[in-house]
Every structure is written in structure tokens, then in C-alpha cells.
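The values are calculated or read from the model by the stated rules, or taken from the named source; none is laboratory data. On a predicted model such as this, the values are computed, not experimentally measured, just so you know. Virtual Cβ from ideal backbone geometry, glycine too; neighbours counted across all protein chains shown.
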């Protein structure tokens, strides 16, 4: 019988804790078995970056969302017990670079969803949030109030931004080109941007699901079923997506034996942990939707 542990720290969450409403955050698990024994959720692992080897009791009723990383097996009883108590479960890539599924959806509260819907449904408040997003991205409040004009300004600024960051990392840049039907036809830097953007969008998917916001209701993006996720991911284009893409593209240009997607995926996982990307996204979402749950974290 394995020795039993409770994950150290407040309610057993320690470094995995990301404050969220009345629960206490996200719990990252990988390389182990999540199962139920005598009504208790347990995680048995041979050990890794996050946990020493052991058999841990999981305080699932105090966790917002469990993120099951690579090498995690889950029994049917786990799905049943988490669904009963409204705890989210998502299968994710290492560090949150992929987002595969999140059953069951919903946090048991509708505060964030209702705040999101109110802001989106009113044309003035929807534009106000969009302008705040552009201000965050470009470090200044843009003068235009028309969303089409703002998108036009965004295009011009991004074009220059690509050039600056490519030059910083010594990557030859010939412009942004992307064929959705044939993504591999793009040159190395464009492929790198595509991969990096996908990984950052996965992190945003996790953040949006964790707070219970509404993915289809975007303030800048409109037609996609995860428009709000794309809005949030774009807030980190300058400080995460593009530096990540061009730094790894430069590495692969110097060593063509390296596989671009693999290098980017592992590097993205390191960046996400180092910069606490998902917790930052969660706090930014709360700020944009003017949701204050500080009085319910205790």
C-alpha cells in the first residue's frame, strides 16, 4: 500500500493554486493515475516535476478545475464524482499548450457568464471592452471608436511588430502568409507563428473555461465559436506568441534537424509556467468583465 499524502499548502493546492471565486484554483496533474477510493479522489504518481512519488488525496470540492496532463489515466468514477460536485476536468498538453476537453462545463455559479453577456449585448459597452483590449495590447488608448478603424490600425501595427521581433531574433521575415488549407506551405517563421498562436489559444481556452466566461461572445473577434478565447489570446501576442515563435524559429533555422512543432510545444510549456500565463489570463478576464470575487476566495 502506498503511503498516503495530502498535497501540501492551503487545502493541499500549494503552487498549483490559482484563486477563482469561492474555490481555490487549478490543479495540475500529470504522469499518474486519478481514481476514487472509498469516496475520496486520489492521485497516484511515480513522481515528476510537480509531485514527489506517492498516493495523494485530492480536495476536489475545493478545486475549480483539474488539468490532466500527459501520462494521466482517469477512471470512470472520477468523472462521476467530479460531475456531482461541479468540478471541471480538462485534458491538456504539457504546461497548457493544448486543450482537449473539459467535462463537465460550468462552475455552479453564473456571475461571470452574466457579466460577460451584459457587456457584450450592449453596443457601447462591447466597444468599450474592445478599446480596452486594444489599449492593453498597444500600451495606449487608440483614438478611434469605430471597430473597423481599430482593426485597420491593428493590422498596420502588427506588420511593424513582426518586423521588429524577427529582427531581434535574427530571423528572415518576408511578411505574414497563412493558407488555412495548406499550413505547411508557409515558410518556417510563419509556421512557427501558427504553432505558437495555437498553443497560446489553448492556454486562453483553459482560462476562459476556468472562470466560466462565454467563449462565443467575443468583443473584437466575432464569427468564431471561441471568439472570446481569441480575444484573450491576442492580448499576449506581443509578449508571448511572437517572441516564442521567432526565438524557436531561429533555433530551428540554425539546426534543421530539430522538429519545429515539437520544439515550440516544449518551449511554450516552459514559457507558460515561467510567466504564469494562465493565472495572468484569468485575472485579466476578471478585470475586463469587471468581476470581483476577492470576497469569496476565503
Inset, instruction - Evaluate the following for residue 99: is it closer than 25 Å to residue 283 by Cβ, surrounded by 12 or more Cβ atoms within 10 Å (Cβ to Cβ), touching a helix residue (DSSP H, G or I) at 6+ places or on another chain (Cβ under 9 Å) and not assigned by TED's automatic domain parsing to the domain that holds residue 261? - result: yes
Inset, instruction - Give the residue that is modelled with the lowest pLDDT, with candidates limited to residues of the range 135-152 that are over 18 Å from residue 244 (Cβ atoms) and touching a helix residue (DSSP H, G or I) at 6+ places or on another chain (Cβ under 8 Å). - result: 144
Legend entry - Identity of the residue in the range 220-244, at pLDDT below 95 and assigned to a loop (DSSP other than H, G, I, E, B), that ends up surrounded by the fewest Cβ atoms within 10 Å (Cβ to Cβ): 223
Inset, instruction - Those residues that are crowded, with 16+ Cβ neighbours inside 10 Å and part of a helix (DSSP H, G or I), I need them from the range 162-171; list them, please. - result: 162, 165, 166
Legend entry - Of the criteria (1) in contact with a helix residue (DSSP H, G or I) (Cβ under 6 Å, 6 or more places away or on another chain); (2) within 20 Å of residue 25 (Cα to Cα); (3) not in a helix (DSSP H, G or I), which one residue 290 fails: (1)
Inset, instruction - Considering only the range 11-51, state which residues are modelled with pLDDT under 50 and out of contact with any helix residue (DSSP H, G or I) (no Cβ under 9 Å at 6 or more places or on another chain). - result: 14, 15, 16
Inset, instruction - Output the residues belonging to the range 245-282 that are modelled with pLDDT of 95 or more and on the phi > 0 side of the Ramachandran plot. - result: none
Inset, instruction - Would you confirm whether any residue within the range 242-261 is within 24 Å of residue 129 (Cα to Cα) and touching a helix residue (DSSP H, G or I) at 6+ places or on another chain (Cβ under 7 Å)? - result: yes
